[in-house]
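Quick one: the structure is below, and I'll ask about it shortly.
The values are calculated or read from the model by the stated rules, or taken from the named source; none is laboratory data. What you see is a predicted model, and the numbers here were worked out from it, not measured in a lab. Backbone-built Cβ (ideal geometry, glycine too); neighbour counts: all protein chains shown. Each accessible area value is taken on the protein alone, full model and side chains, heavy atoms only, with ligands, DNA and RNA left out. Shrake-Rupley method; radii C 1.70, N 1.55, O 1.52, S 1.80 Å.
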Amino acid sequence: MSGPRILLIVGGGIAAYKACELVRLIRKGGGEVTCVLTEGGAQFVTPMSLAALSENPVHTSLWDLKNEAEIGHIQLSRQADLVVICPATADLLAKMAAGLADDLATTLLLATDKPVLAAPAMNVRMWQHAATQRNVAWLRQAGVRVMEPDEGAMACGEYGPGRLPEPEAIWQEISVLLNAGADPLAGQPEFDAQPEHRPLYGKHVLVTAGPTHEPIDPVRYIANRSSGKQGYAIAAAAAAAGARVTLVSGPVTLATPPGVDRVDVESAREMAQAVNAALPADVAVMVAAVADWRSEDFAAEKIKKRGAEPPSLRLAENPDILATLAASPQRPRLLIGFAAETEDVIANAVRKREVKNVDWIVANDVSPARGKDTMGGDSNTVHLITQAGTENWEPMSKQAVARRLVERIAKALVDG
Ligand code: C5P
């Protein structure tokens with residue numbers, strides 16, 4: 001998947017500094033960002049910071065587009081997949097509603113043929129003012145997605161709605177808009193366009209995925225076989241269902257699903273730390289194939305072939321991240337483990353559910369005879385083991401497993 005291209009318009013408000021965090025999240029998620037800074041915005045963040053974070057030139061003035069022939073304002077407004085305004089000030093919203101075009105930002109907004117997302121930030125009185133409310137209502141009618149601002153203490157000392165939504169929430173919204181037309185999430189279920197109506201809205205879902213690499217020396221490591229595909233599909237499905245998703249990922253070659261906050265790790269101990277740092281979570285789905293052992297010693301230099309005897313490796317046990325989480329005071333309400341087995345799949349998984357004190361285990365057979373399409377492949381045949389018993393799911397794609405599991409998670413949270 002090639003990443004989405006975002007044209008980010010940074011308006012003039014104290015929240016402009018959070019646009020930097022948004023740029024970071026989009027870049028981390030594999031997206032391209034081109035920033036346009038209004039005159040007001042430039043009072044709060046510098047073109048230099050946005051250029052460094054986006055790794056793209058930043059545009060500030062209509063008259064600055066020196067190479068107008070190459071990259072005129074019309075082209076700039078259309079070469080993105082989505083235009084995002086962050087922060088969208090009362091002034092910018094008013095100009096958009098009135099169809100004014102007196103600087104680069106407003107000219108682009110009038111000239112664009114792409115979806116527009118506005119993340120408002122302003123003083124509570126300004127937000128509640130009849131003029132702003134009328135402008136927002138008009139813009140929404142015209143198809144602009146204007147997010148609701150957050151409520152809370154404001155930089156000016158007042159309290160109420162008007163704070164910029166958190167950058168993670170804006171990134172989530174970006175993914176919703178980008179997925180509205182085409183279907184980059186490969187057949188995600190049709191959810192209500194309003195994120196707040198989605199089944200996992202407001203929930204934090206933590207997913208681990210991929211293998212871990214346990215270093216022996218600078219060039220060698222111990223690892224499990226894992227492509228990360230099943231875990232990434234679950235993270236994508238949870239994000240599409242409206243959840244805030246943290247994906248703690250071992251080394252894989254997959255693109256970050258839209259709207260997902262990904263934390264990259266290498267070893268089991270790093271994964272344990274990243275999982276801990278991501279808490280609290282409402283749900284944790286631990287799909288990673290964590291290496292059970294690591295080399296007790298790490299050789300700072302590459303171990304050389306010397307003499308007749310190969311070096312012996314002493315192993316130390318890695319922390320069991322799932323069992324540790326199950327025993328922690330911050331245990332998520334719903335804790336789901338995976339179990340890849342090569343024999344007695346169900347009996348082993350039932351035992352694992354009890355020993356590790358998790359709510360559900362998703363078990364699959366990865367024996368060379370029966371699970372040959374599972375590891376690294378696109379399909380999976382799983383059994384869902386809960387307190388109520390074992391369900392045998394028919395063979396299906398990893399995306400379909402993810403969707404069905406996310407539906408079950410949403411139902412379990414409602415049923416309590
Ligand atoms: O015991 P086993 O490794 O088969 O358990 C598999 C489950 O436990 C998976 O959910 C996996 O992510 C998790 N696990 C873990 N930390 C380990 C080993 C496994 O979280 N060190």
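With label points built 7 Å along Cα→Cβ from the Cα atoms of A51 and V414, find their separation and express it in nm.
5.2 nm
Okay, next question. In whole Å, what three semi-axes, largest first, describe the equivalent ellipsoid of the stretch 244-314 built from its Cα gyration tensor (square root of 5 times each eigenvalue)?
34, 14, 10
Set the Förster radius R0 to 25 Å, insert the Cβ-Cβ distance between H129 and A153 as r into 1/(1 + (r/R0)^6), and round the FRET efficiency to 0.05.
Details: r = 20 Å, r/R0 = 0.79.
So, using R0 = 25 Å, E works out to roughly 0.80.
Using the heavy atoms of the protein chains alone and a 1.4 angstrom probe, what is the accessible area of the stretch 1-109 per residue in square angstrom?
On the way: 4710 Å² over 109 residues.
Accessible surface, normalised per residue, equals 43 Å².
Another question, if that's okay. What net charge do the residues around I303 carry, taking every other residue with its C-beta under 9 Å from that of I303, with Lys and Arg at +1 and Asp and Glu at -1?
After counting each charged neighbour, the total is +3.
Counting Lys +1, Arg +1, Asp -1, Glu -1, what net charge surrounds C156 among other residues with beta carbon under 14 Å of its beta carbon?
+1
To check you understand DSSP bridge types, tell me what percent of the beta bridges within the chain (both residues inside) are antiparallel, rounded to 5.
35 percent
Could you tell me which of L25, A243, W171 has its Cα farthest along the dipole of the chain towards the positive end, charges placed at Cβ (Lys, Arg +1; Asp, Glu -1), taken about the Cα centre?
Farthest along the dipole direction, towards plus: A243.
For a protection proxy built on the mean count of beta-carbon atoms within 10 angstrom, sort 401-413, 202-214, 152-164 highest first, please.
202-214, 401-413, 152-164
When the Cα centres of the stretch 252-270 and the stretch 14-34 are compared, how far apart do they sit, in Å?
18 Å
Per 10 Å bin, what percent of the C-alpha pairs of the stretch 1-104 does each bin hold, from zero upward?
15, 50, 32, 3
Oh, and also: Take the alpha-carbon positions of the chain, form their convex hull, and give its projected area averaged over all directions (one quarter of the hull surface) in nm². Numbers along the way, then the final one.
Details: hull surface 99.3 nm².
For the chain, averaging the hull's shadow over all directions gives 24.8 nm².
So what's the back-of-envelope 222 nm ellipticity for the chain, counting only DSSP H runs of four-plus at -39500 (n - 2.57) apiece and dividing by all residues, rounded to 500?
That comes out to -9500 deg cm²/dmol.
Charges only on Cβ, +1 for Lys and Arg, -1 for Asp and Glu: so what's the dipole of the chain about the Cα centre, in debye to the nearest 20?
That gives the chain a dipole magnitude of about 360 debye.
A further question follows. So what's the net charge close to N224: Lys and Arg +1, Asp and Glu -1, counting the other residues with Cβ under 10 Å from its Cβ?
-1
State the answer as a single residue: which of H73, A101, A119 lies farthest towards the positive end of the charge dipole of the chain, with beta carbon charges of +1 for Lys and Arg and -1 for Asp and Glu, about the Cα centre.
A119
Here's a follow-up. Can you give the direction-averaged projected area of the convex hull of the alpha-carbon atoms in the stretch 5-178, in nm²?
It is 9.0 nm².
Once both labels are modelled 7 Å past Cα along the beta-carbon direction, what's the E296-E309 spacing in nm?
1.5 nm
Charges only on Cβ, +1 for Lys and Arg, -1 for Asp and Glu: so what's the dipole of the stretch 5-178 about the Cα centre, in debye to the nearest 20?
Roughly 200 debye, rounded to the nearest 20.
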